[in-house]
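Comments concern the structure below.
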Number of protein chains: 2
Amino acid sequence: MQTHFSYKNIMEMEQRQRAVFINSLGGFKSVCLIGTKNKTEQTNLAIFNSLVHIGANPPLIGFVVRPDSAERHTLNNILETGFYTINHINENIYKQAHQTSARYPVEISEFAATGLNEQYHPNFFSPYVLESHIKLGVAFKEKINFSINETIFIIGEIQDVYLPENCINIDGFVDIEATGTITCSGLDSYHTTKKISRLSYAKPNTFPVKV
Amino acid sequence: MQTHFSYKNIMEMEQRQRAVFINSLGGFKSVCLIGTKNKTEQTNLAIFNSLVHIGANPPLIGFVVRPDSAERHTLNNILETGFYTINHINENIYKQAHQTSARYPVEISEFAATGLNEQYHPNFFSPYVLESHIKLGVAFKEKINFSINETIFIIGEIQDVYLPENCINIDGFVDIEATGTITCSGLDSYHTTKKISRLSYAKPNTFPVKV
């Protein structure tokens, strides 16, 4: 049975219930761990579920920062140093990944607090997550303030990609399901995936077929 | 075996290969159909894989429009009329959903071309997708031009939500997996999901448990 919620119904919900409800409606999300370090070598790790593709030439990726103190540590480090890492989450580390959303004080690193390990690669300042299977080194490019509420959008350029060699198809497609990357819904629900299929490039006078 | 791609390696890729590669790296995406109509009652339907949560109070949702003619029909209709619908995609309609990305001329509706059905709800201008299980009526609020490339970010406010009554938990969580909502990766790979678990709200001195 279909039901309907109007804008008025939504605004009359209890605040936490509304946050959970609205966060669920955007579909399955791209969830990742963002690793940063400040100028005094203090590391930070935080989970974000708002990764979005911005462009391939040059390779640009964006994410939303909510006006929230836990996420502000990540933002401050990015603005202070210009670099961050984006690390895919797999089923082996999803609890630790979720735990990074706890409001730790700035002097406690979520790496140490959750047991995830820092990893460094040549010529890159920010810490990667050792246990992640697909990881990107990103250079900060642009900060956009959304005037409609207090959210901030951060765009960065991909500098380095580390991933398993055998997950890359000849056409450039990366089989992230094969590497164990998971997705999330709402604020706290984690899901593995099962491929239905890839579909051929869509053209007006044909119908897509499985490739 | 881990492998590494530098920025230089990425920029030296063939253009189509790079687009497929970079689109894969952002993780599993929130994929949906956006339904619009222009002032002369011509409908349009287009698939987008960049839905992102912006806020719950008020309920705001955003998506990226690429500088691409197929997507411009959606953008033009939104700017002309102020309204659009966001419709979740399920396994029964993923081929039709993918097919909406073909470059149909503006006078051909992707509803008619793909066999998906328009549905109208009271007091809302734009067409919903009858075959979708979770659908949002959205009012346009803000257009942001990302100066770094030619992409555009559209923010809208959720006015109406239609969904199955039995998928809503008492705490506001919507079980979108139970409704059949799917996710995608790269430009053309579609996936169902399997829930690992929901986790409790993270606090510094405890470890998250399944809820």
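Odds and ends about this structure:
- Lys, Arg +1 and Asp, Glu -1 on Cβ, resulting dipole of the stretch A:16-191 about Cα centre, debye, nearest 20: 580 debye
- Inter-copy label distances at B:SER147 (7 Å, Cα→Cβ; nm, one decimal): 1.5
- Taken over the stretch A:16-191, the ratio of Cα radius of gyration to 2.2 N^0.38 Å equals 0.99.
- For the stretch B:106-112, Karplus couplings with θ = phi - 60° (6.51, -1.76, 1.60), whole Hz, Gly/Pro x: 4, 7, 9, 7, 5, 4, 5
- For A:ASP68, label point 7 Å along C-beta direction: distances to other copies, nm: 3.0
- Total lysine pairs under 20 Å (Cα atoms) in chain B, excluding pairs fewer than 8 apart on one chain: 12
- Accessible area per residue for the stretch A:143-196 is 35 Å², calculated with a 1.4 Å probe on protein heavy atoms, without ligands, DNA or RNA.
- The stretch A:91-156: GluC sites (Glu not before Pro) falling in loop per DSSP and having at most 12 other Cβ within 10 Å: A:GLU107, A:GLU150
- Per residue, the convex hull spanned by the alpha carbons of the protein assembly as shown comes to 128 Å³.
- Cα gyration tensor category, rounded, prolate or oblate, for the stretch B:7-113 with a/c compared to 1.5: prolate
- Taking θ as phi - 60° and the Karplus parameters 6.51, -1.76 and 1.60, the scalar couplings of the stretch B:180-196 work out to x, 4, 10, 10, 9, 9, x, 9, 8, 10, 10, 9, 7, 10, 9, 5, 7 Hz in sequence order, x denoting glycine and proline.
- A cut-off of 5 Å between modelled amide H atoms, ignoring neighbours fewer than 5 places along the same chain, links B:ARG198 with A:TYR190, B:VAL211.
- Per-residue mean of C-beta atoms belonging to partner chains within 10 Å, peptide A:33-40: 0
- Cα pair distances in the stretch B:40-92, grouped into 5 Å bins until the bin that holds the longest one, percent each: 4, 15, 26, 26, 17, 10, 2
- Top positive-direction residue, dipole computed over chain B with Cβ charges, set B:ALA178, B:ALA97, B:PHE124: B:ALA178
- Shortest first, A:GLU14 label-point distances to identical copies amount to 5.7 nm, with the label point at 7 Å from Cα along Cα→Cβ.
- Looking at the stretch B:1-73, the GluC sites (Glu not before Pro) that sit in a DSSP loop and have at most 14 other Cβ atoms within 10 Å of their own Cβ are B:GLU12, B:GLU14, B:GLU41.
- Contact order normalised by residue count of chain A, Cα under 8 Å, 6+ apart, percent: 22 percent
- nm² value of the averaged projected area, convex hull over the Cα atoms of the stretch B:11-67: 6.1 nm²
- Taking amide H positions as modeled 1.01 Å from N, with prolines and chain starts lacking one, the residues under 5 Å from A:ASP160 and 5 or more places away or on another chain are A:GLY137.
- Dipole check for the protein assembly as shown: with +1 at the C-beta of Lys and Arg, -1 at the C-beta of Asp and Glu, and the Cα centre as origin, the magnitude is about 140 Debye.
- The residue among A:SER50, A:LEU25, A:PHE63 whose Cα reaches farthest toward the positive pole of the charge dipole of the stretch A:19-110, with charges on the beta-carbon of Lys, Arg, Asp and Glu, is A:LEU25.
- Neighbourhood charge, 13 Å Cβ-Cβ cut-off, centred on A:GLU71 and excluding it, Lys, Arg +1 and Asp, Glu -1: 0
- With contributions of -39500 (n - 2.57) from each DSSP H run of at least four residues, the per-residue ellipticity at 222 nm computed over chain B stands at -5000 deg cm²/dmol.
- Its residue count N fixes a reference of 2.2 N^0.38 Å for the stretch A:114-200, and the Cα radius of gyration divided by that reference is 1.36.
The values are calculated or read from the model by the stated rules, or taken from the named source; none is laboratory data. Only a predicted model underlies this, so the values are computations on that prediction, with no experimental measurement involved. All Cβ positions, glycine included, derive from the backbone under ideal geometry; neighbour counts span all protein chains shown. Please note that ligands, DNA and RNA were not included when accessible areas were found on the heavy atoms of the full protein model with its side chains. Shrake-Rupley method; radii C 1.70, N 1.55, O 1.52, S 1.80 Å.
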